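Engineer: Mind looking over this structure? Questions follow.
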Amino acid sequence: MILSDTRILEEIDKGTIKLRPYKRDCLGSNSYDVHLGKHLATYREHILDAKKHNEIEYFDIPDEGFVLYPHIFYLGVTLEYTETHAHVPFLEGKSSTGRLGIDIHATAGKGDVGFCGHWTLEISVKQPVKVYHGMPIGQLIYFPVDGEIEVKYNQKKNAKYSDQPDRPVESMMWKNLF
């Protein structure tokens, strides 16, 4: 089951879901719209290595917008800081975003109970498209959890993406032992 708008509001009141900034008109029937933050990043090297720390370069989206191009992988970030303490959050693209040929996540659309931070977006496009900071980019939906959580994500010692800042965060795959 997905939480309805009234259930999302109840969870916000209880403090189990936090959204900053929060705007009531961004709450849909069963989702909350999130927006593209000001910062984007790309990887410095053309060939990425899963066993090493692949560094990124940050840049800001100017007020007049920025054109994204196919075959370039961009990391973006949500404007909103979120916390989810009792539900599983999923980030999905908005249909309007998809109809512009913008994918906002390659694989990582699911958060964990206890995720706190801005969402890093894994952006690719089908054709050149101009984007703007503050534009609607996705929507969060929330699923209830069946059973107790033993350790929330923000309490795990090995949580690589806890407390994500308002800038994109690169892959931390290199921290895994393999």
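The values are calculated or read from the model by the stated rules, or taken from the named source; none is laboratory data. Remember, it's a predicted structure, so these values are computed and weren't measured experimentally. So basically every Cβ, Gly included, is an ideal-geometry build from the backbone, and we count neighbours across all protein chains shown.
Engineer: Which strands (runs of 3 or more DSSP E) sit wholly inside segment 1-94 and have at least 3 residues that are closer than 30 Å to residue 151 by Cα and among the aliphatic types (A, V, I, L, M)?
Structural biologist: Answer list for segment 1-94: 74-84.
Engineer: Anything in segment 146-163 that is over 20 Å from the mean Cα position of the chain (by Cα) and surrounded by fewer than 14 Cβ atoms within 10 Å (Cβ to Cβ)? List them, or say none.
Structural biologist: Residues satisfying the conditions are 146, 147, 148, 150, 151, 157.
Engineer: Shifting gears a bit: Sort through 129, 113, 88 and tell me the only one that's among the aliphatic types (A, V, I, L, M) and over 24 Å from residue 165 (Cβ atoms).
Structural biologist: Sole residue among the options that is among the aliphatic types (A, V, I, L, M) and over 24 Å from residue 165 (Cβ atoms): 129.
Engineer: Can you tell which of 37, 111 is closer than 23 Å to residue 159 by Cβ, surrounded by 12 or more Cβ atoms within 10 Å (Cβ to Cβ), at pLDDT below 95 and of a type outside the set (Lys, Arg)?
Structural biologist: Only one candidate qualifies: 111.
Engineer: Among the residues of segment 95-117, how many are within 19 Å of residue 43 (Cα to Cα) and either part of a strand (DSSP E or B) or hydroxyl-bearing (Ser, Thr, Tyr) (or both)?
Structural biologist: So the count comes out to 3.
Engineer: Would you please name the residue that is surrounded by the fewest Cβ atoms within 10 Å (Cβ to Cβ), looking only at residues in segment 84-106 that are of a type in the set (Val, Ile, Thr) and closer than 20 Å to residue 158 by Cα?
Structural biologist: The extreme case among them is 88.
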